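What follows is a single structure, written as structure tokens, with notes after it.
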Amino acid sequence: MEAEASSSIWDKVMEIPDNQLLSAKFIHKNALLDKIRESLPNVFKKFDLPSDKQKEMLAQLTPKSLIIGFALRFAPYKRATLLVADPDRLCRILNNMDRPVLFVFAGKAHPADTMCADIMQSVIKYM
């Protein structure tokens, strides 16, 4: 019974016109980009970023950018460090000017979990 209900839900999803899905995607992506823009002044101040770096970061905030987000509690099994496991490949992806990529980290570690804090520090240091 559950599989039938699930199947009928997906059948309805498949009926949504592509242009409506794309429109919803861009509305939500632009809302996310607005939130990121709002939060950046705090990031700039915290990391004491020079104005040229700030301008460079702001220029990347376009609907054309691929946004890779991590907005969950950091835990070892979630493997956040996989993002930086292959530095050469990551470098090729990030240096493609035709396809800008943004990483958004909004997770935190449990205060008593030093392993997770170490993972977060390594990802932050790498970024």
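Please find the FRET efficiency linking residue 23 to residue 106, where r is the Cβ-Cβ separation and R0 is fixed at 25 Å, and quote it to the nearest 0.05. FRET efficiency, residue 23 to residue 106: 0.50. Taking every C-alpha pair closer than 8 Å and separated by at least 6 residues, the mean separation divided by the residue count of segment 25-111 gives a relative contact order of 35 percent. Per the Debye calculation on segment 34-75 with a single equal scatterer at every Cα and no solvent contribution, log₁₀ I(q)/I(0) for q = 0.22, 0.29 Å⁻¹ amounts to -0.87, -1.10. Taking amide H positions as placed 1.01 Å from N in the peptide plane, with prolines and chain starts having none, which residues 5 or more places from residue 101, or on another chain, fall under 5 Å of its amide H? Amide H neighbours of residue 101, under 5 Å, 5+ apart: 66. Per-atom-type breakdown for segment 68-127 gives carbon and sulfur 57% of the accessible area (1.4 Å probe, protein chains only). Taking the charge dipole of the chain about its Cα centre, with +1 at Lys and Arg Cβ atoms and -1 at Asp and Glu Cβ atoms, the residue from 119, 50, 7 reaching farthest to the positive side is 50.
The charge dipole of segment 32-125, taken about the Cα centre with unit charges on the Cβ atoms of Lys, Arg (+1) and Asp, Glu (-1), comes to about 160 debye, rounded to the nearest 20. The slack in the chain from residue 62 to residue 45, taken as 0.36 nm per residue of separation less the alpha-carbon distance, amounts to 3.9 nm. Projected onto its three principal axes, the C-alpha set of the chain covers 52, 36, 30 Å, listed from the longest axis down. Once the Cα-Cα distance is subtracted from the 0.36 nm per residue extended length, the residue 30 to residue 83 segment shows a gain of 16.7 nm. Dividing the summed helix terms, -39500 (n - 2.57) for each DSSP H run of n ≥ 4, by the number of residues in the chain produces a 222 nm estimate of -18500 deg cm²/dmol to the nearest 500.
Of 15, 38, 56, the residue with the greatest mean-square motion in the GNM of the chain, using alpha carbon springs below 10 Å, is 15.
The values are calculated or read from the model by the stated rules, or taken from the named source; none is laboratory data. Quantities reported herein were computed from a predicted structural model and do not represent experimental measurements. So basically every Cβ, Gly included, is an ideal-geometry build from the backbone, and we count neighbours across all protein chains shown. Note: areas computed on protein heavy atoms with side chains; ligands, DNA, RNA excluded. Shrake-Rupley method; radii C 1.70, N 1.55, O 1.52, S 1.80 Å.
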